[in-house]
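Down below is the structure, laid out as structure tokens.
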Amino acid sequence: MGFYGKMPTVTTNKIMKQFSIFFILLILVSIKSFGQQSNRKVNSLVAAENYLSALAKKNGSKDAFLKVSDDETLIFRPDPVKVKDFYGRGTIDGPGQLSWKPVYAKISQSGDWGFTTGPFTFLGDPKIAPTFGQYLSIWKTDFKGVWKLALNLNISHKKPLIEPELNYTDPKSIKFFEQVSLARIRQRKEIITTTDQLFSNTLIKDQNLAHDIFLVENSRFLFQGEEPIIGKARINNFLGKNQISIESEPLNADRATGSDLAYSYGIAYITKNKLITKYHYVRVWESQEEHKWNVILEIYIPAGY
């Protein structure tokens, strides 16, 4: 028979089976690549976070974080440390199952920078109640466009009472930006650090005024022992009710190529009931109207001693 002739049924079934296996493998490879590479939309960032979570479930946190990190990735455990240093000094995964999911995510208009946050659950011992909390991950793409974790930290709190709503935000526009010089990159970072310092100075003088000026209306506040506090008024009410005052000092910052998202981190000294405790903080900034930078998310975790 020629090429287009009728082949025996057994051979046809075998070929179809092989083709089906190949097609499934192709889909799996595509999904894996899609989950790690930016398509300039927020769904690729959420997929990267879910990929990290799935890796942690399958292989443990050490393998998962090393696979999605680069040489500069920072994790707070509880003090900031580079991932490769943290796991390179013999740190191993302890017993237990860690799971988390992103519920709030944003991506820069340049498609190379974004963040996700959401609840996590840790079950260390089936006989003991699980631990609940919130995480924050900041992501950047490498030169291949693959998402790499830039920073990660978390706080713990009681079992949540409310199911969080999903909020995944694509940029209003997608733009392509040329690479800028190292000097320009430093200048751009200094703008964020300077803005953070101004916020910090205002916090000392008048905490409510500082929040009115620098927080967006739906800003998120993640604080050890508390579920996410969403909204400027609720944040001010929480701090006032608990007589909490914050003094902060920025240490470093980074900014998306698209100049619409950034983060800063540093040390904070929080006074509650006349007791001063050292914390680490991370602030996520967004450029608002007239290029004014405002905080859309803050997280505070107790420092190590």
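Taken together, the values in this text are just the output of simple stated rules run on the coordinates, not laboratory data. A quick note: this is a predicted structure, and the numbers were derived from the prediction, not measured. Positions of Cβ are backbone-derived with ideal geometry, glycine not excepted, and every protein chain shown enters the neighbour counts.
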Quiz prompt | Virtual spin-label span in nm between LYS189 and ILE92, 7 Å along Cα→Cβ | solution = 3.6 nm
Quiz item: Residue by residue, what Karplus-based ³J(HN,Hα) values in Hz, rounded to whole numbers, does the range 62-69 have, using 6.51, -1.76 and 1.60 with θ = phi - 60° and x for Gly and Pro?
Solution: 4, 5, 5, 5, 5, 6, 9, 9
Self-check item: Whole-number D in µm²/s for the range 182-302 (Stokes-Einstein; Kirkwood sum over Cα pairs; 4 °C, 1.567 mPa s)
Solution: 89 µm²/s
Exercise. Please report the relative contact order for the range 36-169, taking Cα pairs under 8 Å with a sequence separation of at least 6, and give it as a percent rounded to a whole number.
Key: 26 percent
Quiz prompt | Fewest-first sequence of ASP125, ASP85 by Cβ atoms within 10 Å of each Cβ | solution = ASP125, ASP85
Quiz prompt | Burial order of peptide ranges 46-55, 213-222 (average beta-carbon count within 10 Å, highest first) | solution = 46-55, 213-222
Quiz item: Looking at SER245, ILE213, GLY258, which one has the Cα that reaches farthest to the positive end of the dipole of the range 182-302 (charges on Cβ: Lys, Arg +1; Asp, Glu -1)?
Solution: SER245
Practice problem: Determine, for ASP170, ASP260, the number of other Cβ atoms within 10 Å of each Cβ, and report the residues in order from fewest to most. | Solution: ASP170, ASP260
Quiz prompt | Rg and Dmax [Cα atoms of the range 36-169; Å; Rg one decimal, Dmax integer] | solution = 14.7, 47
